[in-house]
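In what follows, a single structure is set out as structure tokens and then discussed.
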Amino acid sequence: MILIKDITNYMERLAPLSLQESYDNAGLIVGDPSEEVKGILCTLDCTEVVVEEAIQSGCNLIIAHHPIVFKGLKKLNGKNYVERVVIKAIKNDIAIYASHTNLDHVEGGVNFKIAEKLGLQNVRILQPKKNLLKKLVTFVPVEHGQKVLDALYEAGAGQIGDYKNCSFRVEGTGTFRPTGGANPFIGTVDQDEEVKEFRIEVILQAHQEYMILSALKKAHPYEEVAYYLSNLENDLAQVGAGAIGSLDEVLEETSFLQYLKDAMALSTIRHTPLSGKKIQKVAVCGGAGGFLLNDAIRQGADVFVTADYKYHEFFDAENKIIICDIGHYESEVYTKELIISYLSEKFSNFAILKSQVNTNPVQYF
Ligand SMILES: [Zn+2]
């Protein structure tokens, strides 16, 4: 029996909630985490029509990219579509989960899906996040060093880019005196003790802290584990906003625009003036990506594919880059496929469906 919390925990292995922006509301918005999952419907937006689709298709969990509840709800009387969606979901025992900016911020997330649709190579995060890495230092009797390290690795510590099991250690002497009430693993109460210990250092991501400290305390032989954690200012290259990569072949500007249109199934592209440059390096950001323009320029992108650009913001391209606004819905609609393929790798005992509803509130005449 698979419970809703099994699904949400699995989603959060890809996109931990702690990686969402402070203004966001990703997570389980409606529903009981201990309910059994009967079917999952994946959508970009959770509208009333989508809730109806879930009812009709026997799905009791909707996974959306955009959180239906974003600001606080003070009343629930159905006066707007947000309240009506929540009421309809609750009445019909349907849970709603959103994976939003946390899914934007990870490798393999929303922006990597856009890069995949465009066939980009060597894709990486455009604007890596800072202050998400920590360093753990601990002191372990030499003969227990490997066991503790293995436990730390198992819990996710020691990963740097494509390298795992990264650590540093030096041997030294630890000293302590157990006092009354102590039950020391080594030594005797009220006697000074010296032990050959390793000082072990590993790196970890901030959201792994609880798991890793639990693993440390479980694997370490001492009653009181000596350790310290410190924050690092290093960029975490695997987490951040936008993505950048290269096309297999260099394209003329108009060929690129046609390619973009076909690859993302667009009816229209709003773009800045063409300058006759060739296109190879492409920066992307699903939804409103204007804040990444300077990162895209600095990293040599020839074009920036994003959405939600306003008139005056187009001037900022200054002939250094071509901004392509392809529409918010159009830029993120393939997130449905991303979530479905990720869930399908692990779960096969119920339907995982793609919503057939076009929830785009913007229409083109
Ligand atoms: Zn969006």
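Here are some notes:
- Nitroxide proxy distance, nm - points 7 Å out along Cα→Cβ at residue 318 and residue 163: 3.8
- Overall form of the chain per C-alpha gyration tensor (a/c, 1.5; a/b vs b/c): oblate
- Shape class for segment 212-365: oblate, because the ratio a/c of the largest to smallest gyration tensor axis (alpha-carbon atoms, square roots of eigenvalues) is 1.5 or more and b/c is at least a/b.
- Shape of segment 91-163, Cα gyration tensor, a/c cut at 1.5: oblate
- Compactness of segment 79-213 as Cα Rg over 2.2 N^0.38 Å, two decimals: 1.68
- Using a probe radius of 1.4 angstrom, the carbon and sulfur fraction of the accessible surface of segment 171-249 is 45%.
- Lysines with Cα under 23 Å of residue 217, excluding same-chain neighbours fewer than 8 positions away: 134, 135, 147, 164, 196
- Within the accessible surface of segment 56-142, defined with a 1.4 Å probe on protein heavy atoms only, the carbon and sulfur portion equals 50 percent.
- Candidates per trypsin sites (Lys or Arg not before Pro) in segment 32-123, loop by DSSP, up to 12 other Cβ within 10 Å: 71, 74, 75, 79
- Solvent exposure of the chain as accessible area per residue, Å², 1.4 Å probe: 51
- Sites matching GluC sites (Glu not before Pro) across segment 199-240 that sit in DSSP coil, with at most 14 neighbouring C-beta atoms within 10 Å: 223, 224, 233
- Computed over segment 148-220, relative contact order equals 40 percent, with contacts defined as Cα pairs under 8 Å that lie 6+ residues apart.
- Percent RCO, i.e. relative contact order, over the chain, from Cα pairs under 8 Å lying at least 6 residues apart: 19
- Relative contact order [Cα under 8 Å, 6+ residues apart], segment 26-109, whole percent: 40
- A straight Cα-to-Cα reach below 24 Å connects residue 74 with the lysines 88, 91, residues fewer than 8 places away in its own chain not being considered.
- Bins of 5 Å, starting at 0 and running to the largest distance - Cα pair percent for segment 5-86: 3, 13, 23, 25, 21, 12, 3, 0
- Per-selection Rg to Rh, segment 143-231 - Cα, Kirkwood hydrodynamic radius: 1.01
- Residues of type lysines that residue 117 reaches as a straight line, Cα spacing below 17 Å, ignoring anything fewer than 8 places off in the same chain: 261, 281, 336
- Proximal charge balance of residue 244 [Cβ under 11 Å; K/R count +1, D/E count -1]: +1
- Adding -39500 (n - 2.57) for every DSSP H run of four residues or longer, then dividing by how many residues the chain holds, sets the calculated 222 nm ellipticity at -7500 deg cm²/dmol.
- The local environment of residue 281, defined by Cβ-Cβ distances under 14 Å, has a net charge of 0 under the rule Lys, Arg +1 and Asp, Glu -1.
- Chain lengthening between residue 311 and residue 194 when straightened (0.36 nm per residue, less Cα-Cα): 35.1 nm
The values are calculated or read from the model by the stated rules, or taken from the named source; none is laboratory data. Bear in mind the structure is a predicted one, so any value in this text is a computation, not a measurement. With ideal geometry, Cβ positions are generated from the backbone for all residues, glycine too; neighbour counts draw on all protein chains shown. Side chains are part of the model used for accessible areas, which takes the heavy atoms of the whole protein and leaves out ligands, DNA and RNA. Shrake-Rupley method; radii C 1.70, N 1.55, O 1.52, S 1.80 Å.
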